[in-house]
Amino acid sequence: MHENRTKYPKKKTQMYQQLQELPKKYSVTALVRMEKVRASQLLPLRKKLQGEVEIVSIKDRVAKKALEKLDIPGIEKLKDKLTGQCVFMFTNMSPFKLNVLLGKNKVLLTARGGDIASMDVIVPPKNTGIAPGPMLTEFKENKIPTKIDQGTIWILKETIPVKKGEAISTKLAALLGKLDIKPIEAKIILNSALSEGILFAEAELVVDVEKFKESLVQAAQEANSLSIEIGYITPENAQHIISKAAQSARSLSIESGFLTDETNEQILQKAHGQAQSVSSKLPAEATTDDAPAEKADAEPKADAPAEKAE
């Protein structure tokens, strides 16, 4: 291709040269297939990501020719993913971050026949500004009640001709376009991305941010619990570990009967309780059946002195 490059159109030659240079300039080369993307989505995206992501739309045959000349680890795997019209995105940000960023940049598009509604399609009551005529039949076929007032078609009440997840017919798509109702929520998803020699597939690049946050919170809680359990002090758990150690010391003091200012009352209460428990298990003191002996009579008084002899 180097010798015959002048035989190619100028635009293709420029694309070829871009694909020779950009994969060397950036750490991530990502691929999007255009059958899943409308050209109207790319223009606002180019403006929003300018300076962070370079976007190049190119035919697969030209891309394959350019990539096969590159000496970049994993590039041959990316080359095998090229089919049809492709969009390349070159950046230095993580491919996962890029995919999340692309997912947030959703746009609402007019429907085409066969498209799947991204939401309930709500047709509000209003003056359509459309003159009566063949259009009345289209409203009727889609079960949207109307009336004619002041020379235009009025929609009488809010109607939902198609619910989220249902297919939109060609006739309804045409009618919704005339009513300026855009029921297709479109976002760009990477089909594959090459980063540091590793090729990530589409499913691997999808990140559920909320679920990932929950996983991080759970991991942080488990790490904190483990550090507390093994006594590994960190700024986050120091107070908890010290409190736990103090409580363990108090428990050991009470269990071993080692008196301290903080534990002496509890130790004495525990000892008192144990004493009562032991006392309750001892046999009652023996008692005699006989009544206690009466007190011995007082010693007899000395005989009265003999009467004096006459």
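The values are calculated or read from the model by the stated rules, or taken from the named source; none is laboratory data. Since the model is a prediction, treat every value here as computed from it, not as a measurement. Ideal geometry is used to build each Cβ from the backbone, glycine not excepted, and the neighbour counts take in all protein chains shown.
So the values come out like this:
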{"quantity": "Residue match in the stretch 107-120 (condition: under 30 Å from GLU21 (Cα atoms), under 31 Å from the mean Cα position of the chain (by Cα) and part of a loop (DSSP other than H, G, I, E, B))", "calculated": "no"}
{"quantity": "Residue in the stretch 170-177 that is out of contact with any His (no Cβ under 6 Å at 6 or more places or on another chain), modelled with pLDDT under 90 and on the phi < 0 side of the Ramachandran plot present", "calculated": "no"}
{"quantity": "Criterion violated by LYS77 - all others in (1) assigned to a loop (DSSP other than H, G, I, E, B); (2) surrounded by 13 or more Cβ atoms within 10 Å (Cβ to Cβ); (3) modelled with pLDDT of 85 or more; (4) not acidic (Asp, Glu) satisfied", "calculated": "(1)"}
{"quantity": "Some residue of the stretch 80-100 being within 27 Å of ILE184 (Cα to Cα), loosely packed, with under 14 Cβ neighbours inside 10 Å, out of contact with any helix residue (DSSP H, G or I) (no Cβ under 8 Å at 6 or more places or on another chain) and among the polar types (S, T, N, Q)", "calculated": "no"}
{"quantity": "Scan of the stretch 1-17 for residues that are at pLDDT below 65 and assigned to a helix (DSSP H, G or I), ordered by number", "calculated": "ARG5, THR6, LYS7"}
{"quantity": "The one condition in (1) in a helix (DSSP H, G or I); (2) modelled with pLDDT of 85 or more; (3) closer than 30 Å to ARG33 by Cβ that LEU190 fails to fulfil", "calculated": "(1)"}
{"quantity": "Neighbours by Cβ (under 8 Å, 6+ apart or cross-chain): first from the stretch 151-164, more than 11 Å from VAL123 (Cα to Cα); second in a strand (DSSP E or B) and of a type in the set (D, E, K, R)", "calculated": "ILE153/LYS147; TRP154/LYS147"}
{"quantity": "Residue within the stretch 110-122 that is farther than 28 Å from GLN41 by Cβ and of a type outside the set (Ser, Thr, Tyr) present", "calculated": "no"}
{"quantity": "Residue, surrounded by the most Cβ atoms within 10 Å (Cβ to Cβ), within the stretch 183-210, restricted to residues that are over 22 Å from LEU45 (Cβ atoms) and touching a residue at least 60 places away in the same chain (Cβ under 8 Å)", "calculated": "LEU199"}
{"quantity": "Test: residue in the stretch 112-129 that is basic (Lys, Arg) and either in contact with a Phe, Trp or Tyr (Cβ under 8 Å, 6 or more places away or on another chain) or modelled with pLDDT under 85 (or both)", "calculated": "yes"}
{"quantity": "Qualifying residue in the stretch 148-169 (condition: under 22 Å from the mean Cα position of the chain (by Cα), more than 30 Å from LYS79 (Cβ to Cβ) and surrounded by fewer than 17 Cβ atoms within 10 Å (Cβ to Cβ))", "calculated": "no"}
{"quantity": "Cross-chain or 6+ apart pairs with Cβ under 9 Å, the stretch 52-73 first and assigned by TED's automatic domain parsing to the domain that holds LYS25, then among the hydroxyl-bearing types (Ser, Thr, Tyr) and assigned to a loop (DSSP other than H, G, I, E, B)", "calculated": "VAL53/TYR26; GLU54/TYR26; ASP60/THR83; VAL62/TYR8"}
{"quantity": "Test result for PHE88, within 29 Å of VAL209 (Cα to Cα), at pLDDT 85 or above, outside any strand (DSSP E or B) and of a type in the set (Phe, Trp, Tyr)", "calculated": "no"}
{"quantity": "Check on SER225, of a type outside the set (A, V, I, L, M, F, W, C), surrounded by fewer than 14 Cβ atoms within 10 Å (Cβ to Cβ) and under 30 Å from LEU31 (Cβ atoms)", "calculated": "no"}
